[in-house]
1. I need the full set of residues from the stretch 211-239 which are modelled with pLDDT under 95 and closer than 18 Å to S312 by Cβ, in order please.
2. Suppose we filter T242, T261, T208 for residues that are under 21 Å from I314 (Cβ atoms), among the hydroxyl-bearing types (S, T, Y) and either out of contact with any strand residue (DSSP E or B) (no Cβ under 6 Å at 6 or more places or on another chain) or in a loop (DSSP other than H, G, I, E, B) (or both); which single one remains?
3. Find the residue count for the stretch 41-72, including only residues that are surrounded by 13 or more Cβ atoms within 10 Å (Cβ to Cβ) and among the aromatic types (F, W, Y).
4. Taking the stretch 247-300 as the region of interest, how many residues are free of Cβ contacts under 8 Å to residues at least 60 places away in the same chain, β-branched (V, I, T) and either surrounded by 18 or more Cβ atoms within 10 Å (Cβ to Cβ) or not assigned by TED's automatic domain parsing to the domain that holds R199 (or both)?
5. Quick check on G362: is it over 26 Å from M211 (Cβ atoms), touching a residue at least 60 places away in the same chain (Cβ under 8 Å) and not hydrophobic (A, V, I, L, M, F, W, C)?
6. Is it true that some residue in the stretch 401-416 is buried (at least 20 other Cβ atoms within 10 Å of the Cβ), out of contact with any Leu (no Cβ under 9 Å at 6 or more places or on another chain), assigned by TED's automatic domain parsing to the domain that holds L456 and at pLDDT 80 or above?
7. State which residue pairs qualify: first residue farther than 20 Å from P287 by Cβ and assigned to a helix (DSSP H, G or I) and inside the stretch 213-224, second residue at pLDDT 95 or above and of a type in the set (D, E) in any location, beta carbons under 8 Å apart, and separation of 6 or more residues or different chains.
Amino acid sequence: MKKIAWLVAGAMAGGVLTLSMQALADKEASPLPLNELRTFAEVFSLIKQSYVEPVEDKKLIDEAIKGMLSGLDPHSAYLGPEEFKDLREDNQGEFGGLGIEISSEDGFVKVISPIEDTPAQKAGIKSGDLIIKIDDTPVRGLSLTDAVKKMRGKPGSKVTLTVARKNEAKPLVFTLARAVIKTKSVKYKMLEPDYGYVRISRFAEHTTEDMAQGLQKLYKDNKQPLKGLVLDLRDDPGGLLTSAVGVSSAFLAKDKLVVYTEGRTPDAKMRLTATPQNYAMQNGGDPLATLPAQARNVPMVVLINGGSASASEIVAGALQDQKRAVLVGTQSFGKGSVQSVLPLGSLGGIKLTTARYFTPSGRSIQAKGITPDVIAEDATLTSADQALRIREADLENHLANPNGDNKPAAKPAPVQAKPAPQPDKAKEPANEESQYGPREPNPKNDYQLSQALNVLKVQQVLQKRGS
């Protein structure tokens with residue numbers, strides 16, 4: 001892209017981010033509110049003179065900046081030097097930590113979803129868990145960035161999380177060893193002859209390239225063109241926006257619109273199409289150059305759920321609007337705003353909401369989410385599990401949807417798929433894997449996946465009848 005920007009979607013809370021390298025001094029300055037600044041200076045002076053303990057000027061200024069940004073919406077924040085460094089590590093796809101996607105909730109840290117194959121998932125951390133203590137430090141009152149900082153650390157070091165969970169009488173205590181989090185963002189396999197499966201757990205730097213290689217392998221192993229493909233985006237919290245555009249481009253005709261953004265400043269307005277310059281790798285290569293040609297028209301189903309946020313919603317919305325895929329599952333998270341991470345030199349930076357993104361047809365999914373064409377609930381979830389699912393509309397101070405209220409977007413009545421009875425499974429305790437998007441996909445024990453496969457087979461029948 002011509003603009004010098006770092007485009008990412010929702011590493012921690014499913015948001016879309018833009019790291020602009022343009023200096024703040026280049027922005028047009030706004031008049032300063034002198035009366036309000038006098039009040040700020042007066043409060044600053046009173047604290048310095050009368051607070052029970054001496055307070056450093058830097059701490060007061062830092063906390064004032066944090067409060068100013070956190071009061072805007074759930075995704076704007078001040079990033080100190082360490083937090084700014086951590087954000088860069090996030091986007092590179094490697095850091096020392098636990099592997100948990102989180103958001104803030106009433107002063108606590110709430111788990112959106114554990115990342116696959118990480119210490120958090122293996123220990124049994126679940127979507128909806130409320131983290132109330134990190135080691136001996138209560139979480140209430142900590143900023144999200146401070147909580148992240150405490151959970152990260154040197155690989156091999158240990159951290160203890162105290163967790164409140166719905167329907168558990170006492171808090172649960174987990175002691176986890178930090179690890180180098182290298183997310184394997186793409187997994188693939190043949191579900192059965194002629195029907196392939198690709199799961200994307202987050203949109204990392206090499207996701208487009210890895211997915212293209214996976215599709216090549218599926219076509220090679222099947223020895224003939226696929227009759228159908230399932231793209232599983234359940235519990236995918238986001239990642240690099242360029243990777244989201246690349247994944248969408250793998251299944252769309254060249255130059256088709258994938259997503260566009262609207263904001264107040266010129267650099268907050270973008271139109272990203274299925275064009276190599278919008279997703280090419282750093283060396284300028286097109287990761288889709290060797291993609292099997294049949295991939296652009298293979299019948300597709302995209303699986304989504306309440307943990308599908310931001311970049312995954314961009315892909316789902318683009319393929320739905322362009323009538324390229326049938327969406328199966330449940331309502332997505334509803335994160336449709338763009339955050340710009342603006343550097344402050346040696347002082348870190350700020351993450352500021354600067355735009356909203358829209359699907360090709362002009363839909364804003366902010367606080368609404370993407371509605372699947374075929375609603376299929378997860379048969380392993382209880383009503384309590386359903387209640388634990390948080391979405392953008394549940395977050396305090398969330399942005400309103402510019403197209404209307406925050407209710408699910410109006411669409412034609414979807415087909416309601418009822419889960420098959422599974423009395424034995426319902427009695428089993430949850431295992432250490434995420435309840436959504438199993439690591440080893442199997443339609444026999446994954447109701448949503450079985451429905452996706454059924455939809456593909458129905459499409460095959462309808463195509464034969466039409467021919």
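1. Once the filter is applied, which keeps residues that are modelled with pLDDT under 95 and closer than 18 Å to S312 by Cβ, the stretch 211-239 yields D235, D236, P237, G238, G239.
2. Details: T242 fails: either out of contact with any strand residue (DSSP E or B) (no Cβ under 6 Å at 6 or more places or on another chain) or in a loop (DSSP other than H, G, I, E, B) (or both); T261 fails: either out of contact with any strand residue (DSSP E or B) (no Cβ under 6 Å at 6 or more places or on another chain) or in a loop (DSSP other than H, G, I, E, B) (or both).
The match here is T208.
3. Qualifying residue count for the region: 1.
4. Qualifying residue count for the region: 1.
5. Criteria not met by G362.
6. yes
7. N222/D194
Yes/no matrix, rows are residues, columns are (1) of a type in the set (D, E); (2) buried (at least 19 other Cβ atoms within 10 Å of the Cβ); (3) in contact with a helix residue (DSSP H, G or I) (Cβ under 7 Å, 6 or more places away or on another chain); (4) closer than 20 Å to E116 by Cα:
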position	(1), (2), (3), (4)
S185	no, yes, yes, yes
Y188	no, yes, yes, yes
Y197	no, yes, no, yes
T207	no, yes, yes, yes
D210	yes, yes, no, yes
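The values are calculated or read from the model by the stated rules, or taken from the named source; none is laboratory data. Just so it is clear, the model here is predicted, and its values are computed rather than measured. Every residue, glycine as well, gets a Cβ built from its backbone with ideal geometry; the counts of neighbours run over all protein chains shown.
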